[in-house]
Amino acid sequence: MCIEILSAQPSGRPCARSNRIVLGTKMPGWSSLRAPTLNGARFFLNNIRRSQNVHTSAPKMGGGGHAETMVIKPSQYQWNRIKDELHFYILLGVLPLAAFATYCNVVYGPAELQDIPEDYVPMPHEYLKNPVSRKLVAFFNDWLMESYEKRYEKTVYTVWRDMEKQNQRLDFWKMQRLMGERQDQKNFYFIPDRSNMSERYTREMYDHIQKIKKSD
Amino acid sequence: MAADDDRPDQINTNLLPSAQFNKLERVANTFRETFVLPFRQTPRPVYYHRKFARVPTIDQCDISDEVCKYEATEQHERDKKVDMFKIKILRKRLTHCNWYWGANKYEKCQTEREQYQDSAVNYHLRYGELGRTSELYEYYMKQKHRMIWLRRRQEAGDATAAYTD
């Protein structure tokens with residue numbers, strides 16, 4: 001096989017070697033583009049159907065005489081990458097998760113709805129339908145996941161605590177206002193005791209004092 | 001009306017979409033009975049619906065009792081959701097009846113239509129035209145204004161303006 005060398009003046013006669021396509025048309029008015037287009041078209045048409053093997057500049061002569069060639073062909077990068085990613089996501093994602101889901105639904109199955117029996121308080125994981133979420137909630141019950149009732153009681157406590165604080169503030173402001181209006185008290189100020197703001201702190205101090213008293 | 005107006009057309013029942021779905025249902029049920037149900041564990045898991053105790057409503061709370069107000073708002077949200085689902089069920093019944101009867105829907109679906117429209121009107125009286133508020137006093141005041149409006153209409157001579165729950 002031969003490679004066409006791009007020359008300034010294209011030849012319009014048929015090539016001596018048979019495996020080449022030759023263009024020899026004359027296009028009026030396009031003379032400045034004639035050479036590159038003809039050469040480009042010739043290059044394209046000569047290479048369109050087969051990949052050419054090119055002898056490398058320093059061919060490696062293996063034992064036996066066949067040299068290594070570099071094959072010129074369109075890139076296989078995208079196709080190979082598509083296969084790679086499909087393989088990855090299907091074998092590591094789709095198949096294991098599908099197997100897990102079929103196992104859960106076939107062996108355990110979704111829970112059935114029933115009325116709460118008398119004098120029975122269900123666990124938090126018994127309010128759920130999906131077996132996977134039931135297992136998770138039962139395992140992480142008080143460690144990572146708190147129940148609805150616990151959350152509710154915590155918010156009720158914060159509401160109560162903030163209400164108590166605000167009431168104390170209002171009483172303090174009222175006392176100050178009345179002192180200012182009536183002017184019937186000695187002028188040493190009332191120093192509020194904030195240690196009762198935290199119930200936990202007061203309870204711990206109380207227990208500490210009781211322990212000291214008992215040890216005496 | 002003919003005697004068989006209450007039953008669907010006997011000739012072309014196989015063309016109904018429900019008939020086609022029944023075939024798929026049969027295939028799926030056989031698959032389930034052969035490959036899924038024999039492998040199920042016998043003590044089946046059971047789940048319950050949460051039961052909420054009734055707490056005092058907003059009209060029974062002190063003006064400065066924040067805890068009572070918080071619990072009343074939670075209860076009110078739950079009640080509103082329950083009312084929404086009730087209306088959804090009634091609307092589904094009406095649409096199913098309309099679909100089933102087709103051209104005869106104005107004659108055959110009177111009960112469903114009355115139920116849905118009455119419940120929709122009551123829902124609107126209670127919860128509507130207030131926007132997305134989470135303040136319970138808005139709903140409470142709406143009830144108060146409605147009672148006042150009805151009383152004034154009654155005093156003006158309109159006998160049908162009576163407050164009903």
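How much net charge surrounds B:Val46 when only other residues with a Cβ under 13 Å from its Cβ are counted (Lys, Arg +1; Asp, Glu -1)?
0
Provide A:Ser215, A:Ser198 ordered by accessible surface of protein heavy atoms (probe 1.4 Å), highest first.
A:Ser215, A:Ser198
In whole Hz, what ³J(HN,Hα) sequence does region A:129-142 give by Karplus (6.51, -1.76, 1.60; θ = phi - 60°), x for Gly and Pro?
Calculated HN-Hα couplings, in order: 9, 6, x, 5, 5, 4, 5, 4, 5, 5, 6, 9, 3, 9 Hz.
Per residue, what volume in Å³ does the Cα convex hull of region A:94-216 take up?
Enclosed volume per residue, from the Cα hull, is 276 Å³.
Mind pulling the angle between the C-alpha long axis of helix B:66-101 and the longest principal axis of chain B? Nearest 10 degrees, somewhere in 0 to 90.
Approximately 40 degrees, to the nearest 10.
Between helix B:17-31 and chain B, what is the angle of the helix's C-alpha long axis to the longest principal axis, kept within 0 to 90° and rounded to the nearest 10?
Computed tilt is about 70 degrees.
Put a dot 7 Å past each Cα toward the Cβ at B:Glu77 and A:Met123; how far apart are the dots in nm?
2.8 nm
Under the 0.36 nm per residue contour assumption, what length would be gained going from the current alpha-carbon distance of A:Phe172 and A:Tyr189 to full extension?
Gain on extension, A:Phe172 to A:Tyr189, equals 5.0 nm.
My understanding is that a pair violates if its Cα-Cα distance is over 25 Å; which of A:Lys135/B:Lys51; A:Lys150/A:Lys211; B:Lys80/B:Lys144 do that in this structure?
Over 25 Å apart, Cα to Cα: A:Lys150/A:Lys211.
At a probe size of 1.4 Å, how large is the accessible area of B:Thr133, to the nearest 10 Å²?
Surface accessible to solvent at B:Thr133 totals approximately 40 Å².
Helix B:136-156 against the longest principal axis of chain B: what's the angle in degrees, Cα atoms only, rounded to the nearest 10?
With both axes taken from Cα atoms, the answer is about 70 degrees.
Taking H placed 1.01 Å from N in the peptide plane, check which residues at least 5 places from B:Tyr47 or on another chain put their amide H under 5 Å from its amide H.
It is A:Glu112, A:Leu113, A:Gln114, by chain and number.
In square angstrom, rounded to the nearest 10, how much accessible surface does A:Val94 have for a 1.4 Å probe?
Accessible area, nearest 10 Å²: 80 Å².
Rolling a 1.4 angstrom probe over the protein chains, ignoring ligands and nucleic acids, what is the accessible area of B:Val27 in square angstrom, nearest 10?
Estimated to the nearest 10 Å², B:Val27 gives 100 Å².
Please report, in whole Å³, the volume per residue of the convex hull around the C-alpha atoms of region B:55-155.
Dividing the Cα hull volume of region B:55-155 by its residue count gives 132 Å³.
Which ³J(HN,Hα) values, rounded to whole Hz and listed in residue order, are derived for region A:155-167 from phi using the Karplus coefficients 6.51, -1.76 and 1.60 in 6.51 cos²θ - 1.76 cosθ + 1.60 with θ = phi - 60°, glycine and proline given as x?
Coupling constants for region A:155-167: 5, 4, 5, 5, 4, 5, 5, 5, 5, 5, 4, 5, 5 Hz.
The values are calculated or read from the model by the stated rules, or taken from the named source; none is laboratory data. Keep in mind it's a predicted model, so treat the numbers as computed, not measured. Note: ideal-geometry Cβ built from the backbone for every residue, glycine included; neighbour counts use all protein chains shown. Ligands, DNA and RNA are excluded from the accessible area calculation, which covers all protein heavy atoms including side chains. Shrake-Rupley method; radii C 1.70, N 1.55, O 1.52, S 1.80 Å.
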